[in-house]
Every structure is written in structure tokens, then in C-alpha cells.
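Quick note: the coordinates plus some simple rules give every number you see, no bench work behind them. None of these values were measured; they are calculated from a predicted model. For neighbour counting, all protein chains shown are included, and Cβ atoms are generated from backbone atoms with ideal geometry for every residue, glycine included.
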Amino acid sequence: MARVLAVVNQKGGVGKTTTSVNLAAALAQAGQRILLVDLDPQGNATMGSGVDKRVVGRTVYHVLLGLGDLTTIRTRAERGGYDLVPANRELAGAEVELVDLPNREVRLKGALERVAQDYDYILIDCPPSLSLLTVNALTAAQRVLIPMQCEYYALEGLSDLVGTIKRVRANLNPEIEIAGLLRTMYDPRNTLSQQVSQQLEAHFGDKVYRTLVPRNVRLAEAPSYGVPAVVWDAASKGAQAYLALADEILAQGQPA
């Protein structure tokens, strides 16, 4: 049965999509069967996986609204070595349309359960908001991976996110846990980065991944070619960090 991992942070620009795409490819390189679900209306994970969001006929939008079956909507991200449920701007409308639908918080969970046996890991790239889409991801997931920059406002937003996870655990998904916090765009020359990093380690202990993802131009370049950085330039520092993160996640093992 697949381990479902939601990549979540309501703050934008912290590396959620970069993490989702590169972790999917890194786990695939490790021999894992991977499904990446793009749950962000911007569709960046779709484009970064080499799938053109402008021409896909059906997307995760159709899955959530019950207009299509995930088994026929998923597509292959050939260069990444994983399967993808794509997204595009249509998904923005799902927020409004889901409100009046029954079981609106568990629609993604139900769809993923039908394909869970096909995969070792299912990764969900979430939008930069604590929205109904994000709640669907948190309800479907067993674990949450939180990418965050080491800056002051990141700590403030983290408390809001942890509060949301606790509410989801209490009301919708009693099994959900934080898998780990991932420090992204890390610059060791920056004193504030070091201080925030130390605060995270002091407060969250072993919930902070040992892997530090540095600021790296190859991570920024790879999406324009529709290829994960771990494939585009596996020797780059950014790619090496995500390969190390995949090793950490595999070492955590499958949930009981």
C-alpha cells in the first residue's frame, strides 16, 4: 500500500513544487513506484514534469469533481520516471464547486485509495494556501512534508500550519503526522538562516530532516526544460540534496 505524503506550506515560494518534482524523481531512481499529484492551479509541477498543462484534456479537477477516473487521467512523466496527475487553471474553480458537494474534504482520498496498490509513494504538491484543496491533501495523506525557508516569517506561518494539521487530525484524519521539516534555499553564510535553522532543530528535534537544500541555479533552471533537476544535472548541489532527502525518507520506512 502506498505511503501518501503531502508537501504543504501555505507560504508561497518556499520550494514546494521543486521539492515535489525532484523528490518524485529521486524516489523513482531508487526503484520506487511513484505517483505525483499536482494539486496547485498554477500547474507548475505538471510543467516541471515535462507535461504541457495547456493541452492536457483532463486533470485533477475532474478527479475531485467526480467527472473522471484517476486511473485514466494519470499520465507518465517519462523523463522523471513517475506517474503524474496533472493540473491547470481549471483547478482554481474547484474551490467554489467543491463547497456544495458531499464529502468535499475526502474526495481526493477516495480517488487515491483506488490506485494505492499501484504505488510505493504518492506525493501531493499543494497550493500556497490553507484551502479546501489543501484540506483534501491533508485528509488523504498519512504524513506531511513541510518545506520552509529559514527566515523569521517562516516560523510565524509554521504555527498556523501546525494548527491546521491538528484540526485535520481531530476531525478528518486521525492518522496524519508531520514527516519532517525540510530547510530549503539554505544559505549558510546568512546568520539569520543559521539561527532559524537552530531554532527549528531545538523545537522539532528529529522532525527536521538532516538534508539542507541549498540555493542552486540548476534547481531553478530545470523546470524550464520540463525535467527534474535530479535528472537534468544529477551532480549539482541541489540535485544531490534531493537524492539525500529521498534516502532519508526511504529510511523512515513504511507506516504500520
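For region 243-248, the Karplus equation 6.51 cos²θ - 1.76 cosθ + 1.60, evaluated at θ = phi - 60°, returns couplings of 5, 5, 4, 4, 4, 4 Hz by residue, with Gly and Pro reported as x.
If you keep only loop residues by DSSP, which GluC sites (Glu not before Pro) in region 144-218 have at most 14 other Cβ atoms within 10 Å of their Cβ? Present the calculation step by step, with values, prior to reporting the outcome.
On the way: sites: 151, 156, 175, 177, 201; in loops: 151, 175.
Qualifying residues, ordered by number: 175.
The distance between label points at residue 167 and residue 103 comes to 2.3 nm (points 7 Å beyond Cα on the Cα→Cβ vector).
As a proxy for reagent exposure, ranking 129, 159 by other Cβ atoms within 10 Å from fewest up yields 159, 129. Pairs of lysines in region 3-252 whose Cα atoms sit within less than 27 Å of one another amount to 15, provided the residues are eight or more positions apart or on different chains. The slack between residue 72 and residue 153, meaning 0.36 nm per residue of separation minus the straight C-alpha distance, is 25.1 nm. For the chain, the Kirkwood estimate of the hydrodynamic radius, built from every pair of different alpha carbons, is 18.0 Å. May I ask you to derive the FRET efficiency for residue 33 and residue 178 from their Cβ-Cβ distance with R0 = 22 Å, giving the value to the nearest 0.05? Once rounded, the FRET efficiency stands at 0.35.
Restricting region 71-141 to GluC sites (Glu not before Pro) that sit in a DSSP loop and have at most 14 other Cβ atoms within 10 Å of their own Cβ leaves 78.
Of the residues 122, 178, 146, the one that moves most in a GNM of the chain with alpha-carbon contacts below 10 Å is 178. Region 209-256 and region 1-38 have Cα centres lying 10 Å from one another.
Is it possible to state the helix-based mean residue ellipticity at 222 nm for the chain, with each DSSP H run of 4+ residues giving -39500 (n - 2.57), the sum divided by total residues, to the nearest 500 deg cm²/dmol? What is it? Each step should come with its number before you reach the end.
Values: 12 runs with 111 residues, N = 256.
Mean residue ellipticity at 222 nm (helix-derived): -12500 deg cm²/dmol.
Taking all Cα pairs closer than 8 Å and separated by 6 or more residues, the relative contact order of region 3-252 comes to 26 percent.
Taking the centroid of alpha carbons for each part, region 139-199 and region 91-107 are 25 Å apart.
Order these peptides, 189-198, 79-88, by their mean beta-carbon neighbour count within 10 angstrom, highest first. Intermediate values should be presented prior to the final figure.
Details: 189-198: 13.6, 79-88: 24.3.
Peptide ranking by packing, descending: 79-88, 189-198.
Taking 12 Å as the cut-off, the amide N atoms of region 6-22 that come nearer than this to a point 7 Å along the Cα-to-beta-carbon line of residue 190 belong to 14-15.
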